[in-house]
Amino acid sequence: MLQITLDEPGRFSATTAAPEPHPAPGEALVRVHRIGVCGTDLHAFAGKQPFFSYPRVLGHELGVEVIDPGTESHDLKAGDRCSVEPYLNCGRCIACRRGKPNCCTELKVLGVHVDGGMRPLLTLPARKLHHSAKLDYEQLALVETLGIGAHAVERAEAKKADYILVIGAGPIGLSVIQFAAVTGATLAVMDLSEPRLAFCRQLGVKHTVAAGPDAAAQLKAVGNGDLPTIVIDATGNPKSMAGTFDLAAHGGRIVLVGLFQGDLTFNDPNFHRRELTVCASRNALPGTFRDIIALVEAGKVDTRPWTTHRFKLGDTPTVFPKDIAGNPAVLKAMIEV
């Protein structure tokens, strides 16, 4: 049984996985079937991921099969297909006590702070497994990505009367778009890539904007002279994130989903003049996973067109550097275990 480890920036290795782990009390043993490649994985490969150390077994977007539900089954049984909520929180800190386990003070994310799913078997808290009798493993692996977008829209407190701009049409941006559209608000998407904007139009996005010096003018044209009341940046690019302060309407709200290693600066008079509200959005909440699974089961959210690249887990050391990292044609890559 193979395990793939990111030993250092730019280098994966394949080794024999450890013997079958045994679940501790409260844990379940699962077999990994699908792994989504996330921006976090790409940043870690490039050596640019905050809160990260090497070596690390990547993989937190997981579609898994329950092998042993353990002593506290949480209504799980062997053979169940599940999405994994990869945020391992303490349950005791102020964030957890206030219903925000997604930003627990001791949070450990699978594949980031602790070893993740690029291996055939692993044990997880049973409460972090979300079952579906209808979805396949690939759909389940993408629930976590959708959760990031859903939580960003939750943080935006978006309403039908809003005008929402989503910056960045990669996988996280696409997940934001899905849930921004559900609000019924006017929606525009901005990106540097025309193929990605074209893909958004195929998904039903009416207004797409090419990022550039005239972006504000384009946005005002969409908004009948007004700038967006909500700007959600899903790029993780510091220049783009700083630019949101010039694209939000007076009294508007900015939600920053992506992150980078460094400081974000902005012009304070511009910030105050507009009385902007700025929010970070981190991970997703447990209830959001269950809501998303229900939406995908009902056919209201469809992620199947997203996956542009697939490869086998054992091919990761060669395929990831050659075909995935730095490839603008990759929208979503999926690893088959």
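The values are calculated or read from the model by the stated rules, or taken from the named source; none is laboratory data. Small disclaimer: the values here were computed from a predicted structure and weren't measured. Using ideal geometry, Cβ is built from the backbone for each residue, glycine included, and neighbour counts are taken over all protein chains shown. Each accessible area value is taken on the protein alone, full model and side chains, heavy atoms only, with ligands, DNA and RNA left out. Shrake-Rupley method; radii C 1.70, N 1.55, O 1.52, S 1.80 Å.
Has region 54-75 got at least one residue that is of a type in the set (Ser, Thr, Tyr) and touching a residue at least 60 places away in the same chain (Cβ under 8 Å)?
Scanning region 54-75, I find no residue that is of a type in the set (Ser, Thr, Tyr) and touching a residue at least 60 places away in the same chain (Cβ under 8 Å), so the answer is no.
Please state which of the following conditions Gly314 fails to meet, knowing it meets all the rest: (1) more than 30 Å from Ala17 (Cα to Cα); (2) in contact with a strand residue (DSSP E or B) (Cβ under 6 Å, 6 or more places away or on another chain).
(1)
Can you find even one residue in region 161-170 that is assigned to a helix (DSSP H, G or I) and of a type in the set (Phe, Trp, Tyr)?
no
Suppose the filter is loosely packed, with under 13 Cβ neighbours inside 10 Å and over 20 Å from the mean Cα position of the chain (by Cα); does Lys239 pass it?
Spelling it out, Lys239 is indeed loosely packed, with under 13 Cβ neighbours inside 10 Å and over 20 Å from the mean Cα position of the chain (by Cα).
Consider only pairs whose beta carbons are under 8 Å apart and that are at least six residues apart or on different chains; among these, list those whose first residue lies in region 264-284 and is surrounded by 12 or more Cβ atoms within 10 Å (Cβ to Cβ) and among the basic types (Lys, Arg) and whose second residue is at pLDDT 95 or above and part of a helix (DSSP H, G or I).
Partner pairs satisfying both residue conditions: Arg274/Phe245; Arg282/Asn102; Arg282/Cys103; Arg282/His151.
Conditions tested, residue by residue: (1) farther than 30 Å from His207 by Cβ; (2) within 17 Å of the chain's Cα centre (by Cα); (3) surrounded by fewer than 18 Cβ atoms within 10 Å (Cβ to Cβ); (4) modelled with pLDDT under 95.
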{"residue": "Thr105", "(1), (2), (3), (4)": "yes, no, yes, no"}
{"residue": "Val109", "(1), (2), (3), (4)": "yes, yes, no, no"}
{"residue": "Leu121", "(1), (2), (3), (4)": "yes, no, no, no"}
{"residue": "Lys128", "(1), (2), (3), (4)": "yes, yes, no, no"}
{"residue": "Val153", "(1), (2), (3), (4)": "no, yes, no, no"}
{"residue": "Glu157", "(1), (2), (3), (4)": "no, no, yes, no"}
{"residue": "Asp162", "(1), (2), (3), (4)": "no, no, no, no"}
{"residue": "Pro171", "(1), (2), (3), (4)": "no, yes, no, yes"}
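For region 32-47, check the following and say yes or no: at least one residue is outside any helix (DSSP H, G or I) and open to solvent by 70 Å² or more (accessible area, probe 1.4 Å).
There is no residue in region 32-47 that is outside any helix (DSSP H, G or I) and open to solvent by 70 Å² or more (accessible area, probe 1.4 Å).
What number of residues in region 315-336 are open to solvent by 10 Å² or more (accessible area, probe 1.4 Å), modelled with pLDDT of 95 or more and outside any strand (DSSP E or B)?
Number satisfying all stated conditions: 8.
Give region 85-111 a look and list any residue that's of a type in the set (D, E, K, R), out of contact with any helix residue (DSSP H, G or I) (no Cβ under 6 Å at 6 or more places or on another chain) and outside any strand (DSSP E or B), or say none.
The answer is Arg92, Arg97, Arg98, Lys100, Glu106.
Can we say Gly168 is touching a strand residue (DSSP E or B) at 6+ places or on another chain (Cβ under 8 Å) and on the phi > 0 side of the Ramachandran plot?
Yes; evaluated as a whole, the condition is true for this residue.
Applying the selection to region 56-79, what residues are under 17 Å from Gly111 (Cα atoms) and assigned to a strand (DSSP E or B)?
Those that are under 17 Å from Gly111 (Cα atoms) and assigned to a strand (DSSP E or B): Arg56, Glu61, Leu62, Gly63, Val64.
Looking at (1) crowded, with 19+ Cβ neighbours inside 10 Å; (2) in a loop (DSSP other than H, G, I, E, B); (3) out of contact with any Cys (no Cβ under 9 Å at 6 or more places or on another chain), find the lone condition where Cys82 falls short.
The number of the failed condition is (2).
For Gly225, are the conditions met, namely being within 30 Å of Gln261 (Cβ to Cβ) and either of a type outside the set (D, E, K, R) or open to solvent by less than 10 Å² (accessible area, probe 1.4 Å) (or both)?
Considered against the rule, which asks whether it is within 30 Å of Gln261 (Cβ to Cβ) and either of a type outside the set (D, E, K, R) or open to solvent by less than 10 Å² (accessible area, probe 1.4 Å) (or both), Gly225 comes out as no.
Could you list, in sequence order, the residues of region 171-194 that are more than 20 Å from His151 (Cβ to Cβ) and in a helix (DSSP H, G or I)?
The one that is more than 20 Å from His151 (Cβ to Cβ) and in a helix (DSSP H, G or I): Glu194.
Of all the residues that make up region 87-133, how many are out of contact with any Leu (no Cβ under 9 Å at 6 or more places or on another chain) and of a type in the set (A, V, I, L, M)?
Of the residues in that region, 2 qualify.
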